[in-house]
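First comes the structure, then the notes that go with it.
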Amino acid sequence: MKTFMPKAADITRKWYVVDAEGQVFGRVASQVANILRGKNKPIYTPNVDTGDYVIIINADKIVMTGKKLDQKIYYHHSGFVGGLKETKYRKLLAEKPEFAIRKAVVGMLPKGPLGRQMAKKLKVYAGAEHEHAAQNPEKFDLI
């Protein structure tokens with residue numbers, strides 16, 4: 001009995017649409033990260049990108065529980081002395097909801113070339129419209 005190792009030719013990728021309207025921020029991010037990794041498939045292998053494409057729509061209507069909108073802070077540094085910038089998630093979700101969700105999902109993917117390859121399969125849109133109708137995406141209901 002040999003262990004099955006999927007090759008690039010064995011992998012069939014599907015397109016999924018996730019509607020984030022009224023969904024909780026972290027739950028959406030973790031479930032989308034699992035789809036991008038391919039953990040929802042029986043051929044999942046940690047060192048091979050077996051995941052599917054994911055389109056997240058209505059990113060501007062996502063919900064955070066508790067006081068996270070005012071207490072959770074996004075930090076980034078310019079590289080210069082004293083260059084630490086901070087933004088509360090209330091402002092970040094109002095101005096760039098696509099960035100906030102992408103940042104959360106990519107943080108849950110592996111670091112390195114494999115994770116960057118998986119992150120390229122994530123498409124996030126603030127509104128209900130997306131430009132991937134030609135791929136015939138299926139609606140994915142989050143748990």
- Considering only region 108-136, state which residues are closer than 23 Å to Val63 by Cβ and assigned to a loop (DSSP other than H, G, I, E, B). Met108, Leu109, Tyr125, Ala126, Gly127, Ala128, Glu129, His130
- Could you tell me whether any residue of region 71-84 is in a helix (DSSP H, G or I) and either out of contact with any helix residue (DSSP H, G or I) (no Cβ under 6 Å at 6 or more places or on another chain) or within 15 Å of Phe140 (Cα to Cα) (or both)? yes
- Item | Where Asn34 falls short, out of the listed (1) out of contact with any helix residue (DSSP H, G or I) (no Cβ under 8 Å at 6 or more places or on another chain); (2) not in a helix (DSSP H, G or I) | (2)
- Which residue pairs have Cβ atoms under 6 Å apart, sit 6 or more places apart or on different chains, and have a first residue in region 74-94 that is under 14 Å from Ala104 (Cβ atoms) and touching a residue at least 24 places away in the same chain (Cβ under 8 Å) and a second that is outside any loop (DSSP other than H, G, I, E, B) and among the acidic types (Asp, Glu)? none
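The rows are residues; the columns are (1) open to solvent by less than 80 Å² (accessible area, probe 1.4 Å); (2) part of a helix (DSSP H, G or I); (3) hydrophobic (A, V, I, L, M, F, W, C).
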| site | (1), (2), (3) |
| --- | --- |
| Phe4 | no, no, yes |
| Ala9 | no, yes, yes |
| Arg13 | no, no, no |
| Gly26 | yes, yes, no |
| Ala29 | yes, yes, yes |
| Asn40 | yes, no, no |
- Message: Conditions first: (1) open to solvent by less than 20 Å² (accessible area, probe 1.4 Å); (2) more than 16 Å from Pro137 (Cβ to Cβ); (3) in contact with an Asp or Glu (Cβ under 7 Å, 6 or more places away or on another chain); (4) not small (Gly, Ala, Ser). Ile35 passes all but one, so which condition is the exception?
- Response: (2)
- Would you mention how many residues in region 19-61 are free of Cβ contacts under 8 Å to residues at least 40 places away in the same chain and of a type in the set (Lys, Arg)? 2
- For Val48, indicate whether it is farther than 28 Å from Gly127 by Cα, surrounded by 16 or more Cβ atoms within 10 Å (Cβ to Cβ) and β-branched (Val, Ile, Thr). yes
- Task: Looking only at region 107-128, decide whether some residue is loosely packed, with under 15 Cβ neighbours inside 10 Å and within 13 Å of Ala29 (Cβ to Cβ).
- Result: yes
- Test result for Gln135, among the polar types (S, T, N, Q), within 20 Å of Val18 (Cα to Cα) and surrounded by 17 or more Cβ atoms within 10 Å (Cβ to Cβ): no
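The values are calculated or read from the model by the stated rules, or taken from the named source; none is laboratory data. Note that the structure is predicted; figures quoted are calculated from it, not measured. Note that each Cβ is placed from the backbone with ideal geometry, even for glycine, and that neighbours are counted across all protein chains shown. All accessible areas refer to the heavy atoms of the entire protein, side chains included, with ligands and DNA or RNA removed. Shrake-Rupley method; radii C 1.70, N 1.55, O 1.52, S 1.80 Å.
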